[in-house]
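Here's the structure we're looking at; comments come further down.
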Amino acid sequence: MANGPVKVGMIGSQFQADIQVVSFQSAPYEAEVVAVASPTPGNAAEFAKRHNIPRVFTDYREMLKERDIEMVCICAPNALHAQMTKDIAAAGKHVVCEKPLAMTVAEGEEMIAAAKRHGVLLMYGEELFFTPKYLKAKEMADAGAFGKIHLVKQSEKHFGPHSPWFWDINRSGGGALMDLGCHGIAFCYWFLGRPPIKSVYCQMGTYVHGDKTKAEDESLCILEFANGAMGLVEDSWARRGGMDDRIEVFGSEGVTYANLHMGNALPTYSENGYGYAVEKAPTTKGWTYPVFEELWNYGTPQELIHFARCARGKETPQATGEDGLVVMHALYAAYRSAGEGRKISLPYQVPAGVTKPIDLWLDGSVRRQAAQR
Ligand SMILES: NC(=O)c1ccc[n+]([C@@H]2O[C@H](COP(=O)([O-])OP(=O)(O)OC[C@H]3O[C@@H](n4cnc5c(N)ncnc54)[C@H](O)[C@@H]3O)[C@@H](O)[C@H]2O)c1
C-alpha cells in the first residue's frame with residue numbers, strides 16, 4: 001500500500017469540485033489532488049492554477065490512465081455519474097461519487113457491482129453524515145437523550161441552483177427533491193440507524209421557475225420507516241434569502257433542533273455590504289447572517305478526509321453506494337407518489353423504460369388531471 005497522502009483525481013472544475021479541493025487541502029497529510037479533468041476549454045487549467053494542481057485533462061478517461069492516482073471524485077452532472085463510476089472502477093481506482101448516486105436504480109446497481117468487481121470502494125458524497133451539528137444530534141439520540149425517536153425532519157432550501165444543467169431534467173433527473181431531497185432522505189435514514197423505508201408520500205409543484213424548467217421547485221415528502229418512525233423531508237428551489245438547512249428530531253423523552261447556518265452565524269447589519277455571507281445569499285447589505293468556517297460546518301472536509309483514509313484501509317466508509325441506492329429507490333417512489341397523489345409502498349418496481357425519477361411525476365395522473373381542470 002502506498003505511503004504519503006492519497007493521490008486524488010478530480011472530475012469537474014466548478015462548484016462542488018472547488019469545495020472538494022479546498023476540503024482536501026485542509027488535510028495535506030491525508031490527500032493531495034494531483035489532477036483535474038473537465039471538458040470546457042480553459043476551465044480545468046484555470047481551476048488547476050487557482051488550486052495549484054499539477055496535471056490537467058479535458059477528457060477524464062485520459063486522467064484515469066495516470067497510474068499513481070488512487071481515488072477519483074465525481075463532481076459532474078448527475079446523468080454522468082454512472083458511466084464515470086464504471087470507468088473509474090475499471091481503472092482500479094476508488095470512487096467518490098457526489099449525490100444523487102445516479103439517474104436510475106439500475107445504474108446505481110451497476111455502479112455498486114462494478115466497484116465490487118474491480119475491488120475498489122464506491123463512496124457516496126453525503127456530507128450530512130459528517131455535518132458536526134447533525135452528528136452531535138445523532139450522538140445524543142443514539143445515547144438515548146430523546147427516548148424513542150418517532151419523527152425526524154430535514155429541510156434544505158434556496159432559490160435555485162447555480163448551474164444551467166440542474167434545470168435540464170435530462171441531465172439532473174429532477175428538481176428540488178432530486179437535488180436536495182436526496183440529502184434529506186439519506187439523513188432521516190442514517191439518523192434512525194438505517195431501517196428500511198416502508199412507504200413514501202410526496203407532493204410537489206413548480207411555483208416560481210416554470211419559465212426555465214419542467215422540474216419541481218417545491219416538494220414535501222413523508223417517509224415511513226420499518227421501525228415505525230416517520231421522516232419529513234422539505235425541499236425548495238423557491239426560497240429567497242440564500243441557503244437554509246435544518247433538522248428537527250422528536251422522541252418520547254426529548255427533542256432537538258439544529259439550524260445549520262443561522263445557529264452558527266453572526267447576526268449582522270451593514271449599509272455597505274461585505275464580501276460573502278453564505279452560499280447563494282443574494283446580498284450582503286442590510287441584515288445578513290454570515291457564517292464562518294462554512295465548509296467545516298457542512299462537514300465536507302471531514303467527509304473527504306474520511307474517504308481518503310478509507311482508500312488506505314484506515315477507516316471503513318460511512319457513506320456508501322448502497323446508501324445512495326436506498327435514496328434512489330425512495331426518490332422513484334416519491335416522484336411516483338406525487339404523480340399519482342397517493343402513498344407508494346416500497347419496494348417499488350420502476351416501470352420499464354423510465355430513465356429519470358421526475359418522469360414518474362410528469363407522467364402522473366394527478367398532474368394530468370390538474371392540467372385538464
Ligand atoms: N454534496 C453537495 O452538497 C453538493 C453540492 C453541489 C453539487 N453537488 C453535486 O455535485 C455534482 C456537480 O455539481 P456542481 O454543482 O459542481 O455542478 P457545476 O455545473 O458547478 O460543475 C459541473 C462540472 O462538471 C463538468 N463536466 C460536465 N460534463 C463533463 C464530462 N463529460 N466530463 C467531465 N466533466 C464534466 C463541468 O465541466 C463542470 O466543471 C452534481 O452531481 C451535484 O448534484 C453536491
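The values are calculated or read from the model by the stated rules, or taken from the named source; none is laboratory data. Treat the numbers as computed from the prediction; the structure is a model and nothing was measured. No Cβ is skipped: glycine too gets one built from the backbone with ideal geometry, and neighbour counts run over all protein chains shown. In case anyone asks, the SASA skips ligands and DNA or RNA and just uses the protein heavy atoms, side chains included. Shrake-Rupley method; radii C 1.70, N 1.55, O 1.52, S 1.80 Å.
Can you tell me which residue is farthest from the ligand (Cβ to nearest atom) among those in the range 59-81 that are over 23 Å from residue 168 (Cα atoms) and within 21 Å of the chain's Cα centre (by Cα)? Checked the range 59-81; the qualifying residue farthest from the ligand (Cβ to nearest atom) is 71. Condition check for residue 3 on (1) part of a loop (DSSP other than H, G, I, E, B); (2) among the polar types (S, T, N, Q); (3) within 15 Å of the ligand (Cβ to nearest atom): one failure, at (3).
For the range 120-127, the count of residues that are in contact with a Lys or Arg (Cβ under 7 Å, 6 or more places away or on another chain), free of Cβ contacts under 8 Å to residues at least 40 places away in the same chain and either away from the ligand (no atom under 12 Å from the Cβ) or assigned to a loop (DSSP other than H, G, I, E, B) (or both) is at least one.
Take the conditions open to solvent by less than 20 Å² (accessible area, probe 1.4 Å), within 12 Å of the ligand (Cβ to nearest atom) and part of a helix (DSSP H, G or I) and apply them to residue 84. Does it pass? Against the criterion (open to solvent by less than 20 Å² (accessible area, probe 1.4 Å), within 12 Å of the ligand (Cβ to nearest atom) and part of a helix (DSSP H, G or I)), residue 84 qualifies.
From the list 95, 8, 56, 22, the one residue that fits, being more than 11 Å from the ligand (Cβ to nearest atom), of a type in the set (A, V, I, L, M), closer than 30 Å to residue 353 by Cβ and not in a loop (DSSP other than H, G, I, E, B), is 95.
When the range 156-184 is filtered for residues that are out of contact with any strand residue (DSSP E or B) (no Cβ under 6 Å at 6 or more places or on another chain) and assigned to a helix (DSSP H, G or I), the ones remaining, listed by number, are 164, 165, 166, 167, 169, 170, 171, 172, 178, 179, 182.
Results for (1) open to solvent by 30 Å² or more (accessible area, probe 1.4 Å); (2) touching a residue at least 60 places away in the same chain (Cβ under 8 Å), shown as yes or no for each residue.
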site: 196; (1), (2): yes, yes
site: 213; (1), (2): no, no
site: 216; (1), (2): no, yes
site: 220; (1), (2): yes, no
site: 231; (1), (2): no, yes
site: 235; (1), (2): no, yes
site: 247; (1), (2): no, yes
site: 255; (1), (2): yes, yes
site: 263; (1), (2): yes, yes
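The residue that is farthest from residue 254 (Cα to Cα), counting only those in the range 144-177 that are within 13 Å of the ligand (Cβ to nearest atom), within 17 Å of the chain's Cα centre (by Cα) and open to solvent by 40 Å² or more (accessible area, probe 1.4 Å), is 171. Checking the structure you have, find out if any residue of the range 35-44 is in contact with a Leu (Cβ under 9 Å, 6 or more places away or on another chain), assigned to a strand (DSSP E or B) and open to solvent by less than 10 Å² (accessible area, probe 1.4 Å). Yes, because at least one residue in the range 35-44 is in contact with a Leu (Cβ under 9 Å, 6 or more places away or on another chain), assigned to a strand (DSSP E or B) and open to solvent by less than 10 Å² (accessible area, probe 1.4 Å).
Of the strands (runs of 3 or more DSSP E) entirely within the range 227-304, those holding at least 3 residues that are acidic (Asp, Glu) and either under 29 Å from residue 96 (Cα atoms) or within 16 Å of the ligand (Cβ to nearest atom) (or both) occupy 244-251. Out of 50, 117, one residue alone is part of a helix (DSSP H, G or I) and either buried (at least 22 other Cβ atoms within 10 Å of the Cβ) or touching a residue at least 12 places away in the same chain (Cβ under 8 Å) (or both). It is 117.
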